[in-house]
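The values are calculated or read from the model by the stated rules, or taken from the named source; none is laboratory data. Bear in mind that the values here come from a model prediction, so they are computed numbers and not experimental data. All Cβ positions, glycine included, derive from the backbone under ideal geometry; neighbour counts span all protein chains shown.
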Number of protein chains: 2
Amino acid sequence: MTPPSGRRPVSSTAAAVGAKIRLRRQQRGMSAAEMARRAGLSKATLSQLEAGNGNPTIDTLDAIAIALRIPIADLLARDADTGPVFRQGTDIEPGEVSRELLRRISSGNSLEIWRLRIPPETELPGVPHATGTIEHLLIATGHVTAGPVDAPQDLRPGDMLAFAGDAPHFYRTGAEEVDITVVFASPIST
Amino acid sequence: MTPPSGRRPVSSTAAAVGAKIRLRRQQRGMSAAEMARRAGLSKATLSQLEAGNGNPTIDTLDAIAIALRIPIADLLARDADTGPVFRQGTDIEPGEVSRELLRRISSGNSLEIWRLRIPPETELPGVPHATGTIEHLLIATGHVTAGPVDAPQDLRPGDMLAFAGDAPHFYRTGAEEVDITVVFASPIST
DNA sequence: ACCATACGTTCACTATACCGAACTCTTCAA
DNA sequence: TTGAAGAGTTCGGTATAGTGAACGTATGGT
């Protein structure tokens, strides 16, 4: 019994990367042969990779990324869904803290958008986040003192504050309810 | 004459990836030995990679990414800056459209946060963005009709709309001035 | 028709990424 | 002091990623 002819098993990410390489190459109107020349790879290697068989090294990916003139991470990032999404603002019980996850994108660096509504005269500890997370506060209505415990800021409508979300932080409201949009940008997906 | 002992040359991206792996692992408080176990790799391989010597395959990177519970593309993307930033809301001329860039993170995937203030009864064409960019509208005050030209939405304070920022889109205000936060998330840097 | 040139794929071989097993160096309990 | 258990690194051996040369097919010029 002869062993199978082609290559060896296929990892799922290999297939995705292969498809993406072929897509990008064809978008640029480049032939596989020409791209192999530009990238300094053999046609054989490229053919195998595009077919989804194989398991490229980062050196190989780097060469391909340069030939395609795209960042190497793009070859591995999954495409974000681009369909329109609409989230209607909800009514809340007055006196209650309201946290609403408006949107989460987990391709590449993960991104979360929250809407936070806090009643008057309330102090709220910030939920600690993964290391490297950056938290952005965008004040819609109300006055609030917020930020890292060692460097808080007084914020008014229209202000923006960005700080490390993994350090201890808090929000404290004044005489009015506040409406804040919080954007978490994280290099780590949790 | 004995050939050199260690591994072979080092590509610059290999060094960057190695450093990032070590950083993330230490952030998680994991030993190299334990991580090797979790990822199903040998300690030897991991040691070489973290030292910046070597040239991992995507299967290897995938195993590492899973063990670290991060997307594989993050191992190749560059880090964002994490310093605290405060941006005070500015006053504007009434009757003028105001565009303010509050924040930009230009790592592998770019993130931009804008504050947009549009006077009453104004129609504003959307600036077209790079392919794959997702645009998020967060309405702070006022009513606005906005979105892709073929599928606009009526938005009120607290609403959120996300759509493909590379397609034609627009904003149209009603009787009052509107204050919008716009978040651009682009998985692809161009 | 014919040859030449280009494309993308499949083959046998070579270079090398990964492995297991040793090693050194700490740490800690007995 | 000694032994055990953990850390991280360095060593051959082996599986396999990448190569060059063949292949079959399509197109264009003479």
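Here are a few things to note about the model shown:
- Some residue of the stretch B:158-179 being free of Cβ contacts under 8 Å to residues at least 24 places away in the same chain and more than 29 Å from A:Lys20 (Cβ to Cβ): yes
- Residue count for the stretch B:120-165, restricted to those that are at pLDDT 85 or above, over 18 Å from A:Val85 (Cα atoms) and of a type in the set (Val, Ile, Thr): 2
- Residues considered: B:Ala80, B:Ala73. Of these, the only one that is at pLDDT below 75 and either assigned to a helix (DSSP H, G or I) or crowded, with 18+ Cβ neighbours inside 10 Å (or both) is B:Ala80.
- Filtered by the rule that a residue be within 13 Å of chain A (Cβ to nearest Cβ), assigned to a helix (DSSP H, G or I) and more than 12 Å from DNA strand C (Cβ to nearest atom), the stretch B:7-48 gives B:Ser12, B:Thr13, B:Ala15, B:Ala16, B:Lys20, B:Leu23, B:Arg24, B:Arg25, B:Gln26, B:Gln27.
- Single unsatisfied condition, A:Ala51 versus (1) among the hydrophobic types (A, V, I, L, M, F, W, C); (2) at pLDDT 90 or above; (3) within 24 Å of the chain's Cα centre (by Cα): (3)
- Some residue of the stretch A:54-65 being acidic (Asp, Glu), without any contact (Cβ under 8 Å) to a residue 24 or more places away in the chain and more than 11 Å from DNA strand C (Cβ to nearest atom): yes
- Checked against (1) touching a helix residue (DSSP H, G or I) at 6+ places or on another chain (Cβ under 6 Å); (2) over 30 Å from B:Gly147 (Cβ atoms); (3) crowded, with 17+ Cβ neighbours inside 10 Å, A:Thr60 passes all but a single condition, namely (1).
Each row is one residue, and each column tells you yes or no for (1) within 16 Å of DNA strand D (Cβ to nearest atom); (2) buried (at least 21 other Cβ atoms within 10 Å of the Cβ); (3) farther than 30 Å from B:Phe170 by Cα; (4) more than 21 Å from the chain's Cα centre (by Cα).
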| residue | (1), (2), (3), (4) |
| --- | --- |
| A:Arg28 | no, no, no, yes |
| A:Ser42 | yes, no, yes, yes |
| A:Pro56 | yes, yes, yes, yes |
| A:Ile66 | yes, no, yes, yes |
| A:Val97 | no, no, yes, yes |
| A:Ile113 | no, yes, no, no |
